[in-house]
Amino acid sequence: MKKKILLFTVLFAFFLNVSAQESIISDVFEKFVENKISSMQEVIDIDDEQAKQLKKVELNFLLEVNSAENCWWCNTKKRIEKLKTKKEEQLKEIMRLDQFIKYDAIDKKKIKKHPIWMLD
């Protein structure tokens, strides 16, 4: 009886720890997405409704990539490529073409958010 109680307690603590880690990861991703989208709003003309949709798409993307990277049985590289394609399609639906081009260029670090001469 004591062994069963001890085993149950250990399993409960393990599952509690796993759920706490997922919560921490989710919170970190939410803060990252919030900062990313707010900084993009300063550079690109994105309205509040678009920003709300972009946050949702970016957060879902990060959470799905995280689960893909932690999947033992998955082909991680293929799955992440599919997720990137899906994300780009969703971004194209949310933004105008000129907004998407700027967003994509900044996101992939093809251009800087602020010109060098502004950094004094």
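I need the full set of residues from segment 47-80 which are surrounded by 15 or more Cβ atoms within 10 Å (Cβ to Cβ) and either farther than 22 Å from Glu34 by Cβ or among the small types (Gly, Ala, Ser) (or both), in order please. Correct list: Ala51, Ala68, Arg79, Ile80. Restricted to segment 31-47, and to residues that are in a helix (DSSP H, G or I) and β-branched (Val, Ile, Thr), which residue is nearest to the chain's Cα centre (by Cα)? Filtering segment 31-47 for residues that are in a helix (DSSP H, G or I) and β-branched (Val, Ile, Thr), the one nearest to the chain's Cα centre (by Cα) comes out as Val33.
When each of Ile94, Ile24, Ile111, Ile44 is tested for being buried (at least 16 other Cβ atoms within 10 Å of the Cβ) and modelled with pLDDT under 90, the lone residue that passes is Ile44.
The values are calculated or read from the model by the stated rules, or taken from the named source; none is laboratory data. The model shown is predicted, which means the values in this text are computed figures rather than measured ones. So basically every Cβ, Gly included, is an ideal-geometry build from the backbone, and we count neighbours across all protein chains shown.
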